[in-house]
Amino acid sequence: MLYCHGDACPLRADCYRHTQPSPGRDAFAALPYDAATGACAQFYSNIPGESLIRETAYYIWLRKGRPEHSADEDWREAYQSLCRSSGRITFALVRGV
């Protein structure tokens, strides 16, 4: 996957191509973001989907020994863990992602 070096791109915080640079990874020659349309043809979201958050929260709950009334805490922990792993900087908690 190509790296996007668009530091001025308004989509950069939500784009996996920008938040996951790695040594030796090739970058786009020209920035793919089009300011006229406000879109990026190469955008790849780093926002975790609800099903992935749900599954991760389930495994967190199991690992904790299946405690009662920990759903919100487990959901938050799963969301933040997935955000960190994809390079997201902000952890705005939105349960219905």
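A few points about this structure:
- Cβ-defined net charge surrounding ARG84, 13 Å radius [Lys, Arg +1; Asp, Glu -1]: +1
- Nearest-ten-degree value, helix 71-86 long axis tilted from longest Cα axis of the chain: 30 degrees
- Put simply, the Cα atoms of the chain extend 51, 30, 18 Å along their principal axes, the longest span coming first.
- Where the Cα pairs of the range 1-46 fall when distances are cut into 5 Å bins, in %: 5, 26, 36, 24, 7, 2, 0
Bear in mind that the values in this text are calculations on the coordinates, not laboratory data. All figures in this text were calculated on a predicted structure; none of them were measured in a lab. Cβ: placed from backbone, ideal geometry, glycine included. Neighbour counts: every protein chain shown.
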